[in-house]
Amino acid sequence: MDWQPSCSFELLRLRARMLQKIRQFFADRLVLEVETPLLCHAIGTDPHLNFFSTECTSLKQQALFLQTSPEFAMKRLLAAGCGSIYQICKAFRNGEAGRYHNPEFTLLEWYRVGFDLSQLMDEAEELITALFGESMALQPTQRISYQALFQQVTGLNPLLFSYEEYASYAQNNDLIDAVSLCGQDHSSWLDFIFSHQIQPNLAPNTLWLIFGYPACLPSLAKVNVDNPLIVERAELFINGVELGNGYYELSDAKEQARRFDKEIASRQAINRPAVTRDDRLLAALEAGLPDCSGIAIGLDRILMLLSHSPAIDEVLAFSISRA
Amino acid sequence: MAVYSTSEFKAGLKVMLDNDPCAIIENEFVKPGKGQAFNRVKIRNLKSGRVIERTFKSGESLEGADVVDVDMQYLYSDGEYRHFMKPDTFEQYQADEKIVGDAAKWLKDQDSCTVTLWNDAPLAVTPANFVELTIVETDPGVRGDTSGGGGKPAKLDTGAVVRVPLFVQQGEVIKVDTRTGEYISRVKE
């Protein structure tokens with residue numbers, strides 16, 4: 001029986017030290033550590049996140065969902081007026097397994113009241129630098145907009161979709177499956193090209209902060225005030241590994257409801273299990289979410305980078321295959 | 001045949017792709033941001049031997065290919081086809097030069113080799129890693145030279161030409177690594 005841990009004791013100690021540093025980092029900044037439920041009545045509507053669901057025998061068999069991130073509950077705390085908060089918790093994404101994915105993983109998520117995206121990126125950079133400091137010296141951080149980077153690498157404009165241009169780029173770059181997989185769907189094209197052509201070629205040993213995502217990849221980010229084709233979303237990468245995803249948080253309840261409905265429709269179109277929108281989150285936004293930015297960082301991946309581990313299994317006490 | 005979804009893809013799995021049997025070499029799960037999940041798959045076309053990279057939407061599936069590697073004995077060539085036999089059942093298979101390909105130059109009658117069968121028909125032939133063959137033609141070497149430095153070409157009884165040390169003579173049997181085509185040693189009769 002494979003009862004033994006999939007990681008070394010050194011990795012257990014590295015994880016413990018990392019958690020300690022993170023808690024110190026936020027304690028120094030007077031950001032409050034919180035815990036929110038992992039098992040909730042509602043779940044994100046994101047069409048590409050698959051969840052685990054169960055039911056509670058004492059609650060008239062109501063469906064409950066293991067959270068794909070603690071975002072909704074944390075936003076309800078923010079709307080209630082708790083101030084800046086962070087959480088270190090498990091998140092669950094069904095079907096995600098591979099070198100960089102385990103269906104159950106550890107997230108650090110934090111929200112800064114009064115911060116815009118750029119201030120949040122500053123803080124994320126400070127945290128990453130603090131965590132990598134001793135063991136892996138990083139090159140100067142690259143901060144670049146999604147549009148500039150995309151255009152630089154591919155010559156394509158990511159904000160405006162042109163099927164002809166995208167398809168001919170794919171053909172010239174040996175991306176033979178792009179046309180059949182992406183068709184007329186702008187966001188699929190962006191995901192395909194970004195993950196195949198851009199992400200693997202980001203300069204190594206460097207923190208990449210990529211901000212200003214195309215409006216078709218909005219998630220829960222505010223729309224840019226000057227350019228409606230851009231949303232205030234940022235992602236973090238080191239060595240081609242996506243480490244985090246942050247937003248200048250959408251606080252408009254009506255817009256949030258619209259995005260929920262749109263995603264619910266997309267889920268239906270691609271035959272994903274049906275979900276309903278989280279009315280408690282909408283009520284909290286209605287009551288008023290303070291102006292804030294938030295970000296989630298995958299801590300297992302940070303550990304992979306810190307320990308030069310080629311697979312996530314090697315940093316988990318028990319990866320899913322032996323959980 | 002079974003159907004395999006992207007999450008079951010692993011090195012060595014044989015699947016059908018564009019009507020050709022293929023072997024998966026590498027499978028990487030790729031998930032950009034909160035976007036569409038893909039599997040980037042390195043795959044070898046078993047007919048052409050070419051390695052290509054393909055991308056699938058996660059959750060897509062491919063039909064399995066009925067491809068098996070079978071140890072067989074090489075019997076003989078009739079000029080057009082080469083004939084092989086399963087030593088346990090004495091079942092015989094024939095394969096043309098296109099299928100045998102480069103393996104031909106290492107095949108000696110009665111030697112064992114691996115025949116890859118697709119739907120019970122030969123798809124490829126792989127010689128044993130090491131074969132023992134007789135030198136039928138080589139220049140006489142310099143007496144006393146045992147260093148092996150330099151070397152000279154030697155033609156073997158299967159038609160293959162390998163570089164051998166100068167002291168190795170015509171008529172001798174040598175051991176060759178078929179993966180590199182390199183001389184390993186002399187074989188004492």
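The values are calculated or read from the model by the stated rules, or taken from the named source; none is laboratory data. None of the values given here were measured: they were computed from a predicted structure. In this analysis, Cβ positions are derived from the backbone assuming ideal geometry, glycine residues included, and neighbour counts consider all displayed protein chains. For accessibility, only protein heavy atoms count, side chains too; no ligands or nucleic acids. Shrake-Rupley method; radii C 1.70, N 1.55, O 1.52, S 1.80 Å.
Residues whose amide H comes within less than 5 Å of that of A:L64, counting only those at least five positions distant or on another chain, are A:T54, A:E55, A:C56 (H built at 1.01 Å from N in the peptide plane). Taken across both chains, chains B and A shield about 1900 Å² of accessible surface from a 1.4 Å probe.
In whole percents, the pair-distance distribution calculated for the protein assembly as shown from its alpha-carbon pairs, binned every 20 Å from zero, is 19, 42, 25, 14, 2. Over the residues of the protein assembly as shown, the helix contribution to mean residue ellipticity at 222 nm works out to -7000 deg cm²/dmol, using -39500 (n - 2.57) for each DSSP H run of at least 4.
Per residue, the protein assembly as shown exposes an accessible area of 49 Å² to a 1.4 Å probe, with every protein chain left in place. Scan chain A and note any complete DSSP helix (H) whose C-alpha atoms cover at least 20 Å along its axis and whose Kyte-Doolittle average is 1.0 or more. Length and hydropathy pass: none found. Using a Gaussian network for chain B with springs between C-alpha atoms less than 10 Å apart, which of these wobbles most: B:P127, B:P21, B:P87? Looking only at B:P127, B:P21, B:P87, the largest GNM fluctuation is found for B:P87. Taking a ≥ b ≥ c as the square roots of the eigenvalues of the Cα gyration tensor, segment B:3-63 is prolate, since a/c reaches 1.5 or more and a/b is larger than b/c. How much of the accessible area of segment A:151-201, probe 1.4 Å, is carbon plus sulfur, in whole percent? It is 42 percent, rounded to a whole number. What a 1.4 Å probe finds exposed on chain B is 46% carbon and sulfur by accessible area, rounded to a whole percent. The trypsin sites (Lys or Arg not before Pro) of segment B:31-123 meeting both criteria, a DSSP state outside H, G, I, E and B (loop) and at most 11 other C-beta atoms within 10 angstrom of the site's C-beta, are B:R50.
A loss of 50 Å² or more of accessible area (1.4 Å probe, protein heavy atoms, ligands and nucleic acids excluded) relative to the isolated chain is seen in these residues of segment A:163-212: A:D177, A:L181, A:D191, A:H196. Loop-located GluC sites (Glu not before Pro) in segment A:21-60 (DSSP state other than H, G, I, E, B) with a sparse environment of at most 15 neighbouring Cβ atoms within 10 Å: A:E35. In a simple Cβ point-charge model (Lys, Arg +1; Asp, Glu -1; nothing else charged), segment A:11-170 has a dipole of about 540 debye relative to its Cα centre.
Cα gyration tensor of segment A:243-323, axes a ≥ b ≥ c as square roots of the eigenvalues: rounded (a/c below 1.5), prolate (a/b > b/c) or oblate? Taking the square roots of the gyration eigenvalues as a ≥ b ≥ c, segment A:243-323 is oblate. For trypsin sites (Lys or Arg not before Pro), the sites in segment A:1-55 that DSSP calls loop and that have at most 14 other Cβ atoms within 10 Å are A:R29. Under 22 Å of direct C-alpha separation, and excluding same-chain neighbours fewer than eight residues apart, B:K108 reaches these lysines: B:K86, B:K98, B:K155, B:K175, B:K188.
Given their separation in residues at 0.36 nm each and the Cα-Cα distance between them, B:A121 and B:K155 gain 9.1 nm when the chain is fully extended. Residues of segment B:27-44 that bury at least 20 Å² of accessible area when the other protein chains are present, relative to the chain alone (probe 1.4 Å, heavy atoms, ligands and nucleic acids excluded): B:E28, B:F29, B:V30, B:K31, B:P32, B:G33, B:K34, B:G35, B:Q36, B:F38, B:R40. Rounded if a/c is under 1.5, else prolate if a/b beats b/c, else oblate: with a ≥ b ≥ c from the C-alpha gyration tensor eigenvalues square-rooted, which is segment B:67-127? It comes out rounded by the Cα gyration axes. Gain on full extension, evaluated as 0.36 nm per residue between A:C56 and A:A27 minus their Cα-Cα distance, stands at 6.9 nm. When the listed pairs A:K254/B:K31; A:K60/B:K34; A:K75/A:K262 are checked against a 25 Å cut-off, the alpha-carbon distance exceeds it for A:K254/B:K31; A:K60/B:K34.
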